Amino acid sequence: MASRAVKRSVSVGIALIVAALIALAGVVRHFSDFVILGDDTDHPTTAQIEGRGRFRLPPSARDVTAHLEGFQDHIIWVCFRMKPSDEARFWSSSMCSAVPSTETAPHEFEPLARPWWNPEKATLSSYRTFSTPTGDTQRILIDKDDPADFIVYVEAFDI
C-alpha cells in the first residue's frame, strides 16, 4: 500500500511539473515582445521599437535598426530612413508632438557604439526632446541633409 501511495505522489508531482512548464511556456510566448531580465538586443521587434520608443514607424520607414537595453529602466536607440512626406505623421505619433523643432541639436544623445548611430553627423536637421515629470524621455533628430531621404534618430528612456 505504501508503494502505491508513493507511486501516486510521484505521478501527481510529475503531472504538476509538466503543467507548470506548459504554463510557463505560455507566459513566455505571451510576453515575447518584451525584454525581460535585462536582455540587451540589437534585434528588437517592431512592437518593442514602437512600444519602448513611444512612436509609430511611418509607412515609408525602411532600413530600421535599433538597440534596446535595460532591466527596470529601459533605453532604446532607433535609426531609420523615411520619406519627407511622412514627417508630420511621424512627429504626431511621438511624445514630442507638441514640442517645437529646433534646427540644430545640442546632441544630448546617450552614446551608443554602433556604426549606424550617427546623429552628430547631421548638418541640417529638426530636433525635439520631451520629458515627463516621472523622467521618461524621448529625443528625436531628423537628419535632412538629403532632402529626398530623411534619416531619423530616436532615443527613448523610460523609468
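The values are calculated or read from the model by the stated rules, or taken from the named source; none is laboratory data. Fair warning: this is a prediction, and the values are worked out from it, not measured in the lab. Cβ coordinates were reconstructed from backbone atoms using ideal geometry, including for glycine residues, and neighbour counts include every protein chain displayed.
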For segment 89-109, how many residues meet the condition of being polar (S, T, N, Q) and modelled with pLDDT under 95?
4
Residues satisfying the stated conditions in segment 133-143, i.e. in contact (Cβ under 8 Å) with a residue 24 or more places away in the chain and in a loop (DSSP other than H, G, I, E, B):
THR134, GLY135, ASP136
For segment 89-121, which positions are outside any loop (DSSP other than H, G, I, E, B), in contact with a strand residue (DSSP E or B) (Cβ under 6 Å, 6 or more places away or on another chain) and either surrounded by 14 or more Cβ atoms within 10 Å (Cβ to Cβ) or outside the structural domain of PRO58 (by TED's automatic domain parsing) (or both)?
PRO119
Since GLU69 meets every condition but one in (1) in contact with a strand residue (DSSP E or B) (Cβ under 9 Å, 6 or more places away or on another chain); (2) assigned to a loop (DSSP other than H, G, I, E, B); (3) not basic (Lys, Arg), which condition does it not meet?
(2)
Being assigned to a strand (DSSP E or B), surrounded by fewer than 22 Cβ atoms within 10 Å (Cβ to Cβ) and either out of contact with any helix residue (DSSP H, G or I) (no Cβ under 6 Å at 6 or more places or on another chain) or modelled with pLDDT of 90 or more (or both) narrows it down to one residue among ASP63, ASP86, ASP146; which is it?
ASP63
